[in-house]
Amino acid sequence: MTQHDGFIDFLLKLESEQDRAALAELRRGVGQTLDEMPELGRYIFHFFKEPNRHKEDAFFLIATLFAMHSKNITTGNMGNHLRDMAEGNAEELERLEKRFAQLLTANRADLPELLPRIVNLLKAKDKERPINWSQLLDDVIYWGAGRQREWARGFWTKGKPESDSGMENETISIQE
């Protein structure tokens, strides 16, 4: 089990055991940073043998978002989730596209402000959708390393592609 899987299992356990106090405390951190709320490090730091500010911040963000909306799924990414939410509703898709495009061009530092808005959309009672929390954690950690492209692909294509290009067995030659 990876460090990331162990952390998601920890969050899922908080939910399954209905640890309302811990989840409420984590919800207070939505939109904040670990520097602004270091007392919430008690839920984060024990997952690290060595300090790793970048990953600690990502774990903190995911913990606070999870406390808002703990429905979990083990497939897809944020692009897939938003596409599924708008499926069959062109007006909803257009509304989501604007927010989604803003998220895709965001810097890592903007994620604590932007992701809670997206999670709230997925939490909406009339369209509630689960989130692949493990994938979201990885995507936040590796933000900027092609993750936005995967989200875009998930949002602007119907269904989940089997591979990056769909042509994994073909040889492509590019001529100048």
For segment 3-68, what class follows from the C-alpha gyration tensor (a ≥ b ≥ c being the square roots of its eigenvalues): rounded when a/c is under 1.5, otherwise prolate if a/b is larger than b/c, else oblate? oblate
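Could you work out the local net charge near Glu97, counting Lys and Arg as +1, Asp and Glu as -1, over the other residues with Cβ closer than 13 Å to its Cβ?
+1
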Under the rule of -39500 (n - 2.57) per DSSP H run of 4 or more residues, summed and divided by the residues of the chain, what mean residue ellipticity at 222 nm is obtained, to the nearest 500 deg cm²/dmol? -16500 deg cm²/dmol
For segment 3-68, averaging the sequence separation of alpha carbon pairs under 8 Å that lie six or more residues apart and dividing by its residue count, the contact order in percent is 41 percent
At what distance in nm do the modelled label points of Ala101 and Arg27 sit from each other, each positioned 7 Å from its Cα along Cα→Cβ? 3.4 nm
Span-like helices, the chain: DSSP H, alpha-carbon axial extent 27 Å or more, mean Kyte-Doolittle 1.6 or greater, which ones? none
Above-threshold pairs, the threshold being 21 Å between Cα atoms, out of Lys55/Lys158; Lys71/Lys98; Lys98/Lys158: Lys55/Lys158; Lys71/Lys98
Plugging the Cβ-Cβ distance of Phe47 and Ala90 into 1/(1 + (r/R0)^6) at R0 = 41 Å yields, to the nearest 0.05, a FRET efficiency of 0.45
Here the convex hull volume per residue of the chain, taken over Cα atoms and given in Å³, is 159 Å³
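We did not get these values from a lab; they are worked out from the coordinates using the rules stated. All figures in this text were calculated on a predicted structure; none of them were measured in a lab. Methodologically, a virtual Cβ is constructed for each residue, glycine included, from the backbone with ideal geometry; neighbour enumeration extends over all protein chains shown.
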